[in-house]
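Colleague: This is the structure I want to talk about, given as structure tokens.
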Amino acid sequence: MATILSTKQLTLPQQQLVLHSGIGLVHYDILKTETLKVDTGLNNLAHVIITSKNALPALQPYQDQVGSVYCVGSSTAQALENMGIKPRIVASNAAELAMQLINTLPNMQFTYLCGDHRRDELPDLFKSHKITLKEVIVYKSAIVHKSFDRIFAAVLFYSPRGVYAFAKANKHQPQCSICIGETTATAAREKFSSVLVAKKQTVENVLVTAIKKLRDDKK
């Protein structure tokens, strides 16, 4: 039986999606996140940028103060809507979001709720266009170092940092790596020869992409 490895812990319905397809599954969180207590910095939430769902727990106590929210990814957008916040712009990656905001709202000031290992694309673009961006670190993440003595039929990645962490801990390359988005895939192409990108930025679509890939390989 072919087995896939998910570098994110899956919910029971997500697990069943894989197992009902006749494919084996191993899953764990390669990144452990912790929400930080933020005493200051959340006093201006007129224009909020969120690039990860990990920022949402810190935002929740202040959601009545939130004006417009701009986010990355459909799953983050859905989580915001579940909180009662409809994002004004949803982009596929941070650089795309930055350019949309630069082009449409060049005179606004933004608050970016991010983690302690946030990527540079969005802040760098704002800086180069002289747009005010206040960064507030609302969560931190730590790598879970885990190595495996086997090669999986596919390994599923959900962030560039997860790609680098897995590659560092595992000398054996997966037969195929499947990524939630193009930013993660760009990192994966540095480490692995076979990289696929899910059509939608959801965990479920990553799983469906993996299942389809393995089924096609059997034909």
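Throughout, read-outs are computed from the coordinates displayed, never taken from laboratory work. Please read all numbers here as calculations on a predicted model, not as lab measurements. Every residue, glycine as well, gets a Cβ built from its backbone with ideal geometry; the counts of neighbours run over all protein chains shown.
Colleague: Where does the Debye-calculated log10 I(q)/I(0) of the chain sit at q = 0.09, 0.17 Å⁻¹, using only Cα point scatterers of equal weight, no solvent?
Modeller: Values, matching the q order: -0.39, -1.18.
Colleague: Can you bin every Cα-Cα distance in region 33-141 into 5 Å intervals starting at zero and give me the percent of pairs per bin, rounded to whole numbers?
Modeller: It works out to 2, 13, 26, 27, 22, 9, 1, in whole percents.
Colleague: Sticking with this structure for a sec: I'd like the Karplus ³J(HN,Hα) series for region 60-74: coefficients 6.51, -1.76, 1.60, θ = phi - 60°, whole numbers in Hz, and an x wherever there's a Gly or Pro.
Modeller: Taking θ as phi minus 60°, the curve returns 3, x, 10, 4, 6, 9, 7, x, 9, 10, 10, 9, 10, x, 5 Hz for region 60-74.
Colleague: Moving on. For the residues TYR28, TYR164, TYR112, what sequence is obtained by ranking on other C-beta atoms within 10 Å, fewest first?
Modeller: TYR28, TYR164, TYR112
Colleague: Something else about it: Restricting to bridges with both residues inside region 33-141, how much of the DSSP beta-bridge set is antiparallel, in percent to the nearest 5?
Modeller: In region 33-141, DSSP labels about 15 percent of beta bridges as antiparallel.
Colleague: Treating the angle as unsigned and between 0 and 90°, give the value, to the nearest 10°, between the Cα long axis of helix 160-169 and the longest Cα principal axis of the chain.
Modeller: For helix 160-169, the angle is close to 40 degrees.
Colleague: Quick one: 3J(HN,Hα) in Hz for region 22-33, Karplus 6.51/-1.76/1.60 with θ = phi - 60°, rounded, Gly and Pro as x.
Modeller: My calculation for region 22-33 gives x, 10, x, 9, 10, 8, 7, 8, 6, 10, 9, 10 Hz in order.
Colleague: Normalised by the residues of the chain, what does the relative contact order come to in percent, with Cα pairs under 8 Å and at least six apart?
Modeller: Dividing the mean separation by the residue count of the chain yields 21 percent.
Colleague: Name all residues of region 171-213 having a backbone nitrogen under 15 Å from the label point set 7 Å from the Cα of GLN78 along its Cα→Cβ direction, giving them as ranges.
Modeller: Residues 180-181, 198-209 qualify, since their backbone N sits under 15 Å from the label point.
Colleague: Non-local amide H neighbours of HIS117 (under 5 Å, H modeled in plane, Pro and chain starts lacking H): which ones?
Modeller: Distant-sequence amide H within range of HIS117: SER141.
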